[in-house]
Amino acid sequence: MLWDVFCRVIDNFGDIGVCWRLAADLAGRGQAVRLWVDDASTLRWMAPHLHWTRDDELGLVCGQGHDGIRVCRWDDAVHLDARCPGLRAGDVVIEAFGCDPPDAFVARMQTRATEGQASQWVNLEYLSAEDYVERSHGLASPVFSGVGAGLRKRFFYPGFTRATGGLLREPGLLAARTAELGTLQQRLGYLRALGIPVQEGDTTLLVFCYESAPFAGLADLLSRQQATQPATHVLLTAGPAARLGSLWAQAHPRSGLRLHTLPYLAQDAFDRLLWCCDLNLVRGEDSAVQALWAGRPHIWQIYEQDDGVHAGKLEAFMARWMRAWPGELRSGVEAWWRAWNGLGPMPDALTSPLPDWQTASSAWRAWSEKSRAELLDQTDLASQLITFVSSSG
Ligand code: TRH
């Protein structure tokens with residue numbers, strides 16, 4: 001099938017991160033994807049193998065170099081009549097996060113519909129563990145006005161239960177990662193290739209966070225532990241984490257913590273990094289899902305919303321992810337998650353230390369793996385999406 005995926009970059013990297021991952025997943029299953037994006041700048045590092053050249057079939061300049069995917073400019077979809085008069089809408093049109101495809105493109109969907117071959121129009125929603133997701137997943141909504149009047153779109157909700165659209169997970173992901181990074185030596189090799197001088201017995205944590213993260217509180221705690229423990233490497237992703245790390249390092253020149261600033265990595269390299277660290281601090285939506293698959297202890301910083309609804313989303317996810325965890329571990333981890341999100345006080349390092357994340361016998365790690373195993377029972381998002389659009393619902 002031919003898929004048109006529309007993505008508007010609102011802020012950060014999650015919009016394009018999810019859409020790129022979805023496009024690559026679909027393409028890996030033999031689907032053809034046109035990814036229409038209003039700002040492709042992030043793809044320069046997220047998918048550095050792409051190059052921009054004229055596509056003879058479309059007559060447009062597209063990002064090419066990934067089998068099965070052409071990255072197209074949103075603006076070209078706005079001016080289709082002038083720039084690409086022959087373009088036919090795909091079999092499936094995905095609008096990510098309600099981004100509203102341009103009218104000129106919707107007009108092409110109308111043309112297909114009048115030919116009796118309507119595109120399957122799907123609104124791919126944000127991820128949430130809240131109960132409404134099960135109720136809303138799959139609902140249809142007729143379009144009553146505008147260029148799309150008479151067409152119908154359906155809502156596809158990713159989620160954590162069988163009654164939802166599931167999570168992005170490429171076929172064979174766990175087996176492939178285990179083959180590539182299953183041993184300590186493989187993981188050390190991967191980190192060293194990134195320039196991290198890590199030795200056997202050292203511990204590593206990755207920080208991908210927003211500017212509001214209480215990084216100093218965490219770094220203070222880690223540096224206090226440092227005196228009695230093997231070397232701790234803190235990998236700071238480019239952007240806020242790197243800035244927070246650098247500020248803290250200036251104030252604590254003799255801390256002993258090993259802080260390393262990373263460049264922006266290609267998405268597949270970033271994903272692998274999560275498998276190589278003992279603790280992952282992730283944010284947003286897409287990296288948070290990848291942290292689940294990596295199966296390591298992790299702390300999630302949720303995308304903050306002005307109306308505060310993110311607090312409920314965080315609680316809903318914690319309740320689901322840690323449902324079966326022993327009480328003490330669960331309350332210890334929850335306290336850190338809330339603190340990392342500014343939704344609770346920083347736990348006192350003496351009375352409620354960060355639960356063990358360093359050792360192979362860490363209960364946090366064991367329970368993360370158990371919760372991951374439960375999620376693996378769920379059919380992945382791209383498989384569900386293909387089934388979804390193959391039936392008219
Ligand atoms: O960047 P984010 O905070 O994105 C957010 C969320 O998606 C949020 O839900 C949404 O509403 C908001 O954007 C608009 O975090 P997220 O979702 O984890 O996306 C980050 C992407 O960047 C992910 O695909 C991983 C990728 N990435 C790399 O490829 N290389 C890197 O070096 C880094 C740091 C990230």
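The values are calculated or read from the model by the stated rules, or taken from the named source; none is laboratory data. Small disclaimer: the values here were computed from a predicted structure and weren't measured. All Cβ positions, even for glycine, are placed from backbone atoms using ideal geometry, and neighbour counts span all protein chains on display. What goes into the accessible areas is simple: the full protein's heavy atoms, side chains included, and nothing from ligands, DNA or RNA. Shrake-Rupley method; radii C 1.70, N 1.55, O 1.52, S 1.80 Å.
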Checklist entry - Ratio of the range 1-52's C-alpha Rg to 2.2 N^0.38 Å, to two decimals? => result 1.08
Next on the checklist: Taking the Cα of GLU211, stepping 7 Å toward and past its beta carbon, and measuring to each backbone N in the range 287-308: which are under 18 Å?
Outcome noted: 301-307
Item to check | Listed residue (ALA311, ALA242, THR178) projecting farthest to the positive dipole end of the chain, Cβ model | outcome: THR178
Item to check | At most 14 other Cβ within 10 Å, DSSP loop - trypsin sites (Lys or Arg not before Pro), the range 206-283 | outcome: ARG254
Item to check | Distance (nanometres) between label positions extended 7 Å along Cα→Cβ at ASP103 and SER136 | outcome: 2.7
Item to check | For LEU181, net neighbour charge (Lys/Arg +1, Asp/Glu -1) across residues whose Cβ lies under 9 Å away | outcome: +2
Next on the checklist: Suppose accessible area is computed on protein heavy atoms with a 1.4 Å probe; arrange ASP348, ASP76, ASP307 from highest to lowest.
Outcome noted: ASP307, ASP348, ASP76
Checklist outcome for this item: Residue-ordered couplings for the range 124-140, obtained by feeding phi - 60° into the Karplus form 6.51 cos²θ - 1.76 cosθ + 1.60 and rounding to whole Hz (Gly and Pro as x), are 7, 8, 5, 7, 8, 9, 6, 5, 4, 4, 4, 5, 8, 4, x, 5, 9
Checklist entry - Summing -39500 (n - 2.57) over the DSSP H runs of n ≥ 4 in the chain and dividing by its residue number, what mean residue ellipticity at 222 nm do you reach, to the nearest 500 deg cm²/dmol? => result -11500 deg cm²/dmol
Item to check | Dipole magnitude (debye, nearest 20) for the chain, charges at Cβ of Lys, Arg, Asp, Glu | outcome: 580
Checklist outcome for this item: Quick calc: nm separation of the 7 Å Cα→Cβ label points for ARG152 and LEU376 -> 3.8
Checklist entry - What do you reckon, how do HIS66, HIS51 stack up by accessible area (1.4 Å probe), largest on top? => result HIS51, HIS66
Checklist entry - Tell me, what ³J(HN,Hα) does each residue in the range 262-274 have, in order and in whole Hz, if you take phi through Karplus 6.51 cos²θ - 1.76 cosθ + 1.60 with θ = phi - 60° and put x for Gly and Pro? => result 9, x, 4, 9, 4, 4, 5, 6, 4, 4, 5, 4, 4
Checklist entry - List the cysteines of the chain that have no other Cys Cβ closer than 4.7 Å: which are they? => result CYS62, CYS72, CYS84, CYS99, CYS209, CYS276, CYS277
Checklist entry - Using heavy-atom solvent-accessible surface (probe 1.4 Å) with all chains present, what is the largest-first order of LYS370, LYS153? => result LYS370, LYS153
Next on the checklist: What percent of all Cα-Cα pairs in the range 4-131 falls into each 5 Å bin, going from 0 up to the bin containing the maximum distance?
Outcome noted: 2, 10, 21, 24, 22, 13, 5, 2, 1, 0
Checklist entry - Shape of the chain from its Cα gyration tensor (a ≥ b ≥ c, root eigenvalues): rounded if a/c is under 1.5, otherwise prolate when a/b > b/c, or oblate? => result prolate
Next on the checklist: Rolling a 1.4 angstrom probe over the protein chains, ignoring ligands and nucleic acids, what is the accessible area of PHE388 in square angstrom, nearest 10?
Outcome noted: 30
Checklist entry - Can you pull the accessible area of TYR264 for me, 1.4 Å probe, Å² to the nearest 10? => result 100
Item to check | Options SER391, LEU292, SER361, ranked by Cα towards positive dipole end of the range 279-393, top entry (Cβ charges) | outcome: SER361
